[in-house]
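What follows is a single structure, written as structure tokens, with notes after it.
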Amino acid sequence: MINIPAPFILETQSLSKSFKGFVAVNNVHLQVSEGSIHALIGPNGAGKTTCFNLLTKFLIPSSGKILFKGQEITQHSPTQVAQLGVIRSFQISAVFPHMTVLDNVRIALQKQLKTEFHFWKSSNTLNGLNDKALELLDTVGLNGFSDQLAVNLPYGRKRVLEIATTLAMDPELMLLDEPTQGMGHEDVERVTQLIAKVAQGRTVLMVEHNMKVVSTIANKISVLQRGAVLAEGTYAEVSRNPLVIEAYMGHAGAAL
């Protein structure tokens with residue numbers, strides 16, 4: 001039998017989630033092409049983060065299916081989907097603040113040694129990961145910060161460190177939740193360029209409010225409103241869609 005590759009690395013079919021009668025995600029069909037940067041956008045409360053939590057199994061769908069590379073993962077645990085290569089970041093920086101930048105990345109790389117649960121072992125066992133960790137820090141532009149405590153990094157650099165630890169897990173599909181939230185212009189530019197760089201050879205699905213970021217690097221955009229997909233396409237297509245403009249601006253005569 002010949003195995004035919006799945007046309008999409010990630011796909012949802014009629015994905016829905018309700019909380020005591022409130023429908024947060026409503027019959028969502030997503031199709032994320034392998035090797036693309038796919039943005040999930042929408043007004044506050046549109047259901048974007050809930051959708052992310054469903055995809056990474058921090059929430060169980062009320063109905064519908066989730067497929068990764070053609071394999072159904074609807075009932076998988078967060079650990080199982082991470083082992084498949086689906087790795088996410090969070091809106092709030094999730095680094096270890098009182099460890100060095102290098103140690104944060106080494107811990108993420110520890111999965112490669114299969115010793116992440118060997119708490120009794122000396123930290124010296126991680127020294128074999130130093131070269132790979134330093135290489136990752138160089139990739140994201142943090143090579144000069146390796147000895148600093150993460151707590152002392154500026155906010156934008158902390159988010160970059162989180163991307164580095166996400167990369168250390170060797171993801172096939174990276175899910176980035178608001179990667180530029182709360183950043184100044186310079187940090188936004190830096191992280192936008194970094195996402196484009198690390199997307200080479202992997203797929204990125206990102207929730208992002210900054211339309212300049214989305215317009216710069218996203219290959220495809222899905223717009224959510226009230227938990228449902230309102231529109232899909234390139235930035236040029238969705239930015240001219242009257243329904244999208246009205247969802248963001250309150251009337252169709254404005255510009256996104």
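Observations on the structure shown:
- A Cβ distance below 7 Å, combined with a sequence gap of six or more or placement on separate chains, defines the contacts here; from the stretch 13-31, residues that are under 19 Å from Pro43 (Cα atoms) reach residues that are of a type in the set (Asp, Glu) in the pairs Leu30/Glu11.
- Restricting the stretch 77-107 to residues that are modelled with pLDDT under 85 and of a type outside the set (Phe, Trp, Tyr), the residue that is most open to solvent (accessible area, probe 1.4 Å): Ile92
- Close pairs (6 angstrom Cβ cut-off, 6 or more residues apart or separate chains): in contact (Cβ under 8 Å) with a residue 60 or more places away in the chain in the stretch 49-69, among the aliphatic types (A, V, I, L, M) and assigned to a loop (DSSP other than H, G, I, E, B) anywhere: Lys69/Ala6; Lys69/Ile9
- Test for Met169: is it under 29 Å from Val32 (Cα atoms), at pLDDT below 90, touching a Gly at 6+ places or on another chain (Cβ under 6 Å) and buried (at least 17 other Cβ atoms within 10 Å of the Cβ): no
- Among the residues of the stretch 127-168, those identified as acidic (Asp, Glu) and assigned to a helix (DSSP H, G or I) are Asp131, Glu135, Asp138, Glu162.
- Single unsatisfied condition, Thr74 versus (1) polar (S, T, N, Q); (2) free of Cβ contacts under 8 Å to residues at least 24 places away in the same chain; (3) open to solvent by 30 Å² or more (accessible area, probe 1.4 Å): (3)
- Qualifying residue in the stretch 133-140 (condition: at negative phi, among the hydroxyl-bearing types (Ser, Thr, Tyr), modelled with pLDDT under 90 and open to solvent by 10 Å² or more (accessible area, probe 1.4 Å)): no
- Verdict on Val95 being more than 30 Å from Ile245 (Cβ to Cβ) and touching a Leu at 6+ places or on another chain (Cβ under 6 Å): yes
- Per-region count, the stretch 212-230, residues open to solvent by 10 Å² or more (accessible area, probe 1.4 Å) and assigned to a strand (DSSP E or B): 5
- Verdict on Leu67 being at pLDDT 90 or above, in contact with a Leu (Cβ under 8 Å, 6 or more places away or on another chain), hydrophobic (A, V, I, L, M, F, W, C) and open to solvent by 20 Å² or more (accessible area, probe 1.4 Å): yes
The values are calculated or read from the model by the stated rules, or taken from the named source; none is laboratory data. Small disclaimer: the values here were computed from a predicted structure and weren't measured. When we count neighbours, we look across all protein chains shown, and the Cβ atoms used for this are built from the backbone with ideal geometry, even at glycine. For the accessible areas, the whole protein counts, side chains as well, though only heavy atoms, and no ligand, DNA or RNA atoms are used. Shrake-Rupley method; radii C 1.70, N 1.55, O 1.52, S 1.80 Å.
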